[in-house]
Amino acid sequence: MDLIVETLKQWRLHPVADHFTVALLFVGVLADLVGSLIPARRWIRYMALTLMILGAAAAASSWLTGGWEAHRVKSMTTGAAHDILKDHSELGDWLVWIFAILALWRIGVEALGSLASSRPIYLIAAVVAIGLLGYQGYMGGEMVYGYGVGTALQAAAPSPASKPSAPPGPAVAPTSLPTVYVPTAAPTPAAAASSANESAATATTSATAGAKASPSATATAAGV
């Protein structure tokens, strides 16, 4: 038995079961609504009853295979995808029982006269249930096409815990700050000419002062 279960797990039958579940239940409820509008066509109601029973069985297979898939991908799913997976799984746990009850209810409506008057309430409950089923299918599509859950892309992506850390590099000794050489500004031609003029003026002033002092020095020398 374990060998059969493991083989079925490897086939990944959850998408197949889901498509049967959605198709059977949606068409079954739609047929029941049409049968209510055309009461003379009894075969439509019988078809709806059959589809509801088959849909409930398909929902059970979706729940079983979905549990296998959730167990397989749960450790690889993080962040927002993990939250969607959790909501998707919890809603599936409820829907499998809801559709089982609806199937039994639908059998009673058709077979027991005491339950025939509850047909309108049944139809309302069935419409709400397939609405929830559609929302669950939307979440499943968001996981696969939005986050790649259960696909080869997720299997190839490394988990955060398995990412290798960068090896520590060799210790680098601190070095002294580099010396910055600031060259002195070269004098411009105008500055050089101005400096030469100042030097010439200084020399002329010194020469004039020496010439004025020369007669005094000569008179002093003659008196001696």
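The values are calculated or read from the model by the stated rules, or taken from the named source; none is laboratory data. In this text the structure is predicted, and so the values were computed from the model without any measurement. Glycine gets a Cβ as well: all are built from the backbone with ideal geometry, and neighbour counts include every protein chain shown.
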Exercise. Which of (1) surrounded by fewer than 15 Cβ atoms within 10 Å (Cβ to Cβ); (2) at pLDDT 90 or above does residue 112 not meet, given it meets every other one?
Worked result: (2)
For this session: For residue 140, state whether it is under 17 Å from the mean Cα position of the chain (by Cα), touching a residue at least 60 places away in the same chain (Cβ under 8 Å) and assigned to a helix (DSSP H, G or I).
Result: yes
For this session: Identify the single condition in (1) among the hydroxyl-bearing types (Ser, Thr, Tyr); (2) at pLDDT 95 or above; (3) over 19 Å from residue 132 (Cβ atoms) that residue 78 does not satisfy, given that it satisfies every other one.
Result: (2)
Problem set entry | Conditions (1) under 29 Å from residue 123 (Cβ atoms); (2) without any contact (Cβ under 8 Å) to a residue 24 or more places away in the chain; (3) in a helix (DSSP H, G or I): number failed by residue 71 | (1)
Exercise. In the set 101, 84, 130, 124, which member is in contact with a Phe, Trp or Tyr (Cβ under 6 Å, 6 or more places away or on another chain) and either surrounded by fewer than 17 Cβ atoms within 10 Å (Cβ to Cβ) or in contact (Cβ under 8 Å) with a residue 24 or more places away in the chain (or both)?
Worked result: 130
For this session: Might you check whether a residue that is assigned to a helix (DSSP H, G or I), modelled with pLDDT under 90 and either touching a Leu at 6+ places or on another chain (Cβ under 9 Å) or hydroxyl-bearing (Ser, Thr, Tyr) (or both) occurs anywhere in segment 38-57?
Result: no
Exercise. Counting just the residues of segment 149-164 that are crowded, with 17+ Cβ neighbours inside 10 Å and either under 23 Å from residue 94 (Cβ atoms) or small (Gly, Ala, Ser) (or both), which one comes out modelled with the highest pLDDT?
Worked result: 149
